[in-house]
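J.: Starting off with a structure, shown below.
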Amino acid sequence: MILARVVGNVVATRKDPRLEGFKLLLVRPVSPEGRDEGNYLIAVDTVSAGHREQVIVVSGSSARMAPWGQTSRQQ
């Protein structure tokens with residue numbers, strides 16, 4: 001898991017059909033104190049995060065267990 005801050009949105013002209021209906025976010029890892037760390041990442045937004053909000057980014061098996069059902073897409 002990575003603690004990160006949302007810094008923008010990403011626009012894709014084409015993306016995997018499984019990602020249709022989800023926003024793509026540009027996030028930057030931060031320290032627990034809120035200082036910027038590391039490089040920028042692109043994350044799939046499953047929780048309707050907003051600009052400058054802190055989020056937890058997961059990858060691997062944790063990301064595969066994210067709520068990809070219809071209820072997430074309707075938000």
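The values are calculated or read from the model by the stated rules, or taken from the named source; none is laboratory data. Computed from a predicted structure; not experimentally measured. With ideal geometry, Cβ positions are generated from the backbone for all residues, glycine too; neighbour counts draw on all protein chains shown. Just the protein is used for accessible areas: all its heavy atoms, side chains included, with ligands, DNA and RNA removed. Shrake-Rupley method; radii C 1.70, N 1.55, O 1.52, S 1.80 Å.
J.: What number of residues within region 1-56 satisfy the criterion of being among the small types (Gly, Ala, Ser), in a strand (DSSP E or B) and out of contact with any Pro (no Cβ under 9 Å at 6 or more places or on another chain)? Let's see the steps before the verdict.
T.: Filtering region 1-56 for residues among the small types (Gly, Ala, Ser) gives 4, 8, 12, 21, 31, 34, 38, 43, 48-50.
From the residues that got through so far, the ones that are in a strand (DSSP E or B) too are 4, 8, 43.
Now narrow it down to the ones that are out of contact with any Pro (no Cβ under 9 Å at 6 or more places or on another chain): 8, 43.
So the answer is 2.
J.: What is the residue count in region 14-51 for residues that are open to solvent by 20 Å² or more (accessible area, probe 1.4 Å), under 15 Å from residue 3 (Cα atoms) and among the hydroxyl-bearing types (Ser, Thr, Tyr)?
T.: Total satisfying the criteria: 1.
J.: Search region 57-75 for residues being open to solvent by less than 40 Å² (accessible area, probe 1.4 Å) and part of a helix (DSSP H, G or I), and hand back the single one that is modelled with the lowest pLDDT.
T.: Step by step, filter region 57-75, then rank; the result is 72.
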